[in-house]
Amino acid sequence: MENKPTDIPFLSNIGLMLTYKCSVACPHCIVEAGPHRKEIMSIENSFKWSLEASVYRSRHIKGLALTGGEPFFDMENLKIISEHGRKLGFVISAVTNAFWASTKERALEVLLQVPAIQMISLSTDVYHLKSIPFDNIKNGIWAAKQLRILYNIAVCTDSEEDTQYKRIIEDILKITDNDNIRTAITFPVGRAEKHIKRFNYRVSSEPTIAACTMAGSPVIFPEGKVMGCIGPVMKLSSSHPLVLGSLHNESLSEILDRAESNTILHAIRVWGPHIIVSILQDHGLGDLIPKEYIADCTCDICYKLFTNDKVLDFLRAFSEDKEFKQKIAFARMYYLSESRMAELLSL
């Protein structure tokens with residue numbers, strides 16, 4: 001079995017989804033963010049939850065990622081929340097579409113208003129470019145370099161063979177290195193589901209074999225829900241293994257402690273969601289397996305499997321299997337140098 005585990009330690013970073021508001025309403029947006037949305041994380045809750053995160057397991061969590069929507073939509077909130085997080089000792093990062101970087105001078109002015117932010121991820125692709133010029137990305141990168149802020153560029157596409165995608169990558173490579181580019185496959189969930197005819201996916205009868213790089217950093221949503229990732233499964237209404245809990249019912253420490261022993265979550269982190277397909281096959285449940293998958297998209301596997309109630313019922317029972325738990329605990333130690341689960345199981 002091929003293994004490509006993520007090198008991001010579990011719970012080294014946690015996200016706060018500050019808002020569903022955004023300057024634009026992109027057709028591929030999973031969370032359906034836009035100027036019309038009203039849901040935000042209150043200052044009170046952001047302070048409370050970031051404080052809980054800062055003291056968890058003697059400051060085990062090092063990074064606080066501010067996401068949305070568009071965190072820069074409300075600069076005053078972003079400034080207050082980022083400065084509070086920095087005072088708590090976090091490395092602060094933020095995602096943005098760079099709508100604010102209309103000129104170099106404006107980009108520098110904006111970033112100077114949020115000095116607590118040490119890393120930014122700028123989004124651009126064929127969807128964003130309909131509303132936000134590529135010059136904004138160039139200006140944002142220029143300003144980040146001036147202030148010695150780390151950065152990367154996030155690009156979504158329905159196919160890495162798409163000519164427009166390739167052209168965008170060529171443009172990005174004129175201003176930065178390939179190591180600073182993060183590509184994700186657009187997924188037909190949220191607003192993208194309503195525009196699915198616009199997308200041209202490659203499909204495969206076999207699931208993508210790759211470890212999940214998103215399931216190691218939980219995200220707290222404005223309503224208090226804590227998710228194991230910020231991928232398309234967050235749109236599923238039913239309970240599934242990546243729904244970690246609600247901060248209106250439990251403390252953050254209770255939720256994160258339980259997540260340490262979430263066998264399905266960590267199997268996905270070590271091997272990737274394709275491991276669930278293999279488990280279903282091994283247990284004679286091949287009829288529950290999807291017939292096709294979006295090529296090179298690990299999220300597609302989780303989403304399709306977790307929409308099936310029979311799969312979820314099986315996983316709830318199987319996740320308690322003692323031998324499986326021990327296997328995952330050892331795998332975390334071997335591949336990811338994480339011993340916490342083994343310690344909890346007293347292995």
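Some notes on this structure:
- Screening region 43-74 for residues that are among the aromatic types (Phe, Trp, Tyr) and touching a strand residue (DSSP E or B) at 6+ places or on another chain (Cβ under 6 Å) and picking the one that is nearest to Ser121 (Cα to Cα) gives Phe72.
- Top-ranked residue in region 203-226 [being among the hydrophobic types (A, V, I, L, M, F, W, C) and assigned to a loop (DSSP other than H, G, I, E, B); ranked as nearest to Ile43 (Cα to Cα)]: Phe221
- For first residues located in region 199-224 and touching a residue at least 24 places away in the same chain (Cβ under 8 Å) and within 17 Å of Ile294 (Cα to Cα), partners that are hydroxyl-bearing (Ser, Thr, Tyr) and in a strand (DSSP E or B) and lie 6+ apart or on another chain with Cβ distances below 9 Å form the pairs Val203/Tyr293; Ser204/Tyr293; Ser205/Tyr293; Glu206/Tyr293; Pro207/Tyr293; Thr208/Tyr293.
- Lone unmet requirement of (1) open to solvent by 10 Å² or more (accessible area, probe 1.4 Å); (2) in contact (Cβ under 8 Å) with a residue 24 or more places away in the chain; (3) of a type in the set (Gly, Ala, Ser) for Gly231: (1)
- Scanning region 276-301 for residues that are of a type in the set (A, V, I, L, M, F, W, C), open to solvent by 10 Å² or more (accessible area, probe 1.4 Å), assigned to a helix (DSSP H, G or I) and under 21 Å from Cys229 (Cβ atoms) yields Ile279, Cys299.
- Residues being touching a residue at least 24 places away in the same chain (Cβ under 8 Å), among the polar types (S, T, N, Q) and under 30 Å from Gly245 (Cβ atoms) are entirely absent from region 128-146.
- Identity of the residue in region 32-62, part of a loop (DSSP other than H, G, I, E, B) and open to solvent by 80 Å² or more (accessible area, probe 1.4 Å), that ends up farthest from Leu247 (Cα to Cα): His36
- Region 167-179: number of residues that are assigned to a helix (DSSP H, G or I), of a type outside the set (Asp, Glu), open to solvent by 40 Å² or more (accessible area, probe 1.4 Å) and under 17 Å from Asn152 (Cα atoms): 2
- Matching option when the condition is of a type outside the set (A, V, I, L, M, F, W, C) and either more than 18 Å from the chain's Cα centre (by Cα) or over 18 Å from Ile220 (Cα atoms) (or both), among Asn77, Asn13: Asn77
- Looking only at region 68-85, and only at residues there that are in a loop (DSSP other than H, G, I, E, B) and open to solvent by 10 Å² or more (accessible area, probe 1.4 Å), the one that is farthest from Ile230 (Cα to Cα): Asp74
- For the residues Ala101, Ala65, the requirement of being in a loop (DSSP other than H, G, I, E, B), in contact with a Gly (Cβ under 7 Å, 6 or more places away or on another chain), crowded, with 20+ Cβ neighbours inside 10 Å and hydrophobic (A, V, I, L, M, F, W, C) singles out Ala101.
- Considering Ala317, Ala331, the condition of being over 17 Å from Ser205 (Cα atoms) and free of Cβ contacts under 8 Å to residues at least 24 places away in the same chain is satisfied by Ala317 alone.
- Once region 86-98 is narrowed to residues that are open to solvent by less than 10 Å² (accessible area, probe 1.4 Å) and touching a residue at least 40 places away in the same chain (Cβ under 8 Å), the residue that is farthest from Lys21 (Cα to Cα) is Phe90.
- Test: residue in region 273-283 that is at pLDDT 95 or above, over 30 Å from Arg191 (Cα atoms) and of a type in the set (D, E, K, R): yes
- Of all the numbered requirements in (1) under 20 Å from the mean Cα position of the chain (by Cα); (2) assigned to a helix (DSSP H, G or I); (3) not basic (Lys, Arg), Ser159 misses one, and that requirement is (2).
The values are calculated or read from the model by the stated rules, or taken from the named source; none is laboratory data. All values reported here derive from a predicted model rather than from experimental measurement. FYI the Cβ positions are ideal-geometry reconstructions off the backbone, even for glycines, and counts take in every protein chain you see. Remember, those area values only see protein heavy atoms, side chains included, never the ligands or the DNA or RNA. Shrake-Rupley method; radii C 1.70, N 1.55, O 1.52, S 1.80 Å.
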